[in-house]
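See below for the structure under consideration.
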Amino acid sequence: MHAATLERAHAASTARVAPGSGAHRLKAGGLVPFTATDFPGLLAAVVFVQGCPWRCGYCHNPHLQPRTTASPLDWSDILAFLKRRVGLIDGVVFSGGEPTMDPSLGPAIAQARELGYRIGLHTGGTHPRRLAQVLPQVDWVGLDIKTGFEQYERVTQVANSGTPARASLQAVLDSGVDFECRTTAHPDLISADELLALGRELAALGVRNYAVQIFRPQGCADDALNARGRSLRDWPGEAICAALDRLFTRFTLRQP
Ligand code: SF4
């Protein structure tokens with residue numbers, strides 16, 4: 001997920017959230033007021049939800065992995081900010097961390113939708129049941145696929161993490177929501193041949209939009225990944241990229 005400048009939300013207190021909704025318990029670690037790159041075709045704000053059960057070495061937001069007792073940002077303040085932005089931006093992206101980890105995600109999405117916003121969701125698929133619950137309220141999903149589902153622990157450092165990821169992909173496919181699968185690729189974590197095999201598996205499952213995001217050293221705290229990750233300009237190579245391109249309606253290679 002993207003590194004981002006985190007900004008405190010300054011908001012009037014006129015939009016306090018009714019406690020009964022549950023949205024007020026959302027643990028938000030940051031807010032980007034404007035992005036033109038995180039929700040395809042739309043101008044959006046990004047809400048960074050706290051918490052992630054996985055520990056990817058390339059994580060650019062490790063400060064969002066733990067969930068603190070008190071939320072750094074108050075959802076009421078974020079909602080007041082979003083009310084002021086109605087007409088100026090089109091959508092709200094819930095990102096993280098891992099937003100599906102938060103039980104208040106659904107109520108928060110509902111309140112953003114009530115303001116007329118389109119809803120984007122960035123997820124790694126850690127919590128497939130909650131993901132399935134919120135998908136009817138979501139307009140677009142960016143779903144991280146870390147590597148082949150049998151090899152997830154290599155990236156997440158959590159055993160059996162490919163199981164919820166695979167279930168999350170199925171939930172997204174079943175929902176009919178517009179989505180992109182994307183893989184952050186580093187040769188120490190997935191070989192070029194494994195990347196192509198993953199592409200074939202995803203295409204066979206019904207994925208139509210796929211992006212390979214080549215590892216970016218900036219903001220990554222893992223020295224070993226950084227050491228090799230500085231020279232990936234020609235990786236995974238033209239032949240692999242051409243083969244991936246043939247598998248999908250839209251294939252995107254994102255270079256650092
Ligand atoms: S899934 Fe990995 S990259 Fe995403 S927030 Fe969790 S640890 Fe970071």
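The values are calculated or read from the model by the stated rules, or taken from the named source; none is laboratory data. The structure presented is a predicted model; accordingly, all values stated were derived computationally and were not measured. FYI the Cβ positions are ideal-geometry reconstructions off the backbone, even for glycines, and counts take in every protein chain you see.
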(request) Note down all Cβ pairs under 7 Å where the first residue falls in the stretch 83-101 and is among the hydrophobic types (A, V, I, L, M, F, W, C), the second is more than 16 Å from the ligand (Cβ to nearest atom) and part of a helix (DSSP H, G or I), and they're at least six residues apart or on different chains. (result) V92/L82; V92/A112; F94/I109
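Please go through the stretch 76-118 and give me each residue that is polar (S, T, N, Q), assigned to a helix (DSSP H, G or I) and either within 14 Å of the ligand (Cβ to nearest atom) or closer than 23 Å to C56 by Cβ (or both), ordered by number.
Step one: list which residues in the stretch 76-118 are polar (S, T, N, Q), which gives 76, 95, 100, 104, 111.
Those still in the list that are assigned to a helix (DSSP H, G or I) too: 76, 100, 111.
The one that is polar (S, T, N, Q), assigned to a helix (DSSP H, G or I) and either within 14 Å of the ligand (Cβ to nearest atom) or closer than 23 Å to C56 by Cβ (or both): T100.
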(request) Considering only the stretch 151-164, state which residues are surrounded by fewer than 23 Cβ atoms within 10 Å (Cβ to Cβ) and aliphatic (A, V, I, L, M). (result) V158, A159
(message) Based on this model, can you work out whether L198 counts as part of a helix (DSSP H, G or I) and either closer than 16 Å to F149 by Cα or in contact with a strand residue (DSSP E or B) (Cβ under 6 Å, 6 or more places away or on another chain) (or both)?
(response) yes
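Let's see how each residue does on (1) farther than 23 Å from R118 by Cα; (2) assigned to a strand (DSSP E or B); (3) among the hydrophobic types (A, V, I, L, M, F, W, C):
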{"position": "V141", "(1), (2), (3)": "no, yes, yes"}
{"position": "Y152", "(1), (2), (3)": "yes, no, no"}
{"position": "A165", "(1), (2), (3)": "yes, no, yes"}
{"position": "T183", "(1), (2), (3)": "yes, yes, no"}
{"position": "L189", "(1), (2), (3)": "yes, no, yes"}
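Taking the conditions exactly as written (within 16 Å of the ligand (Cβ to nearest atom) and either modelled with pLDDT under 95 or not in a helix (DSSP H, G or I) (or both)), does L121 satisfy them or not?
Values: within 16 Å of the ligand (Cβ to nearest atom): yes; either modelled with pLDDT under 95 or not in a helix (DSSP H, G or I) (or both): yes.
The answer is yes for L121.
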(request) Scan L143, L169 and give me the residue that is in contact with a His (Cβ under 9 Å, 6 or more places away or on another chain), more than 17 Å from P103 (Cβ to Cβ) and not polar (S, T, N, Q). (result) L143
(request) Answer with yes or no whether E201 is of a type in the set (D, E, K, R) and surrounded by fewer than 18 Cβ atoms within 10 Å (Cβ to Cβ). (result) yes
(message) Out of the residues in the stretch 213-248 meeting the condition of being out of contact with any helix residue (DSSP H, G or I) (no Cβ under 7 Å at 6 or more places or on another chain) and among the aliphatic types (A, V, I, L, M), tell me which one is nearest to V172 (Cα to Cα).
(response) I214
(message) For the stretch 206-224, check the following and say yes or no: at least one residue is touching a Ser or Thr at 6+ places or on another chain (Cβ under 7 Å) and at pLDDT below 95.
(response) yes
(request) Within the stretch 131-151, count every residue that is within 15 Å of the ligand (Cβ to nearest atom), in contact with a helix residue (DSSP H, G or I) (Cβ under 9 Å, 6 or more places away or on another chain) and of a type outside the set (S, T, Y). (result) 8
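Scan the stretch 33-72 for residues that are crowded, with 18+ Cβ neighbours inside 10 Å and closer than 17 Å to L115 by Cβ and report the count. I'd like the intermediate steps shown before the answer.
Looking only at the stretch 33-72, we keep the residues that are crowded, with 18+ Cβ neighbours inside 10 Å, and these are 35, 38-39, 42, 44-52, 54, 56-59, 61, 64-65, 71.
Next, only the ones that are closer than 17 Å to L115 by Cβ stay: 39, 42, 44-47.
Total meeting the criteria: 6.
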(message) Suppose we keep only residues that are within 12 Å of the ligand (Cβ to nearest atom) and of a type in the set (S, T, Y) within the stretch 157-171. Which one would you say is nearest to H60 (Cα to Cα)?
(response) S161
(request) Please state which one of R228, R154, R200, R216 is more than 11 Å from the ligand (Cβ to nearest atom), under 30 Å from G91 (Cβ atoms) and basic (K, R). (result) R216
(request) Go through the stretch 36-61 and count every residue that is more than 16 Å from the ligand (Cβ to nearest atom) and over 21 Å from S76 (Cα atoms). (result) 7
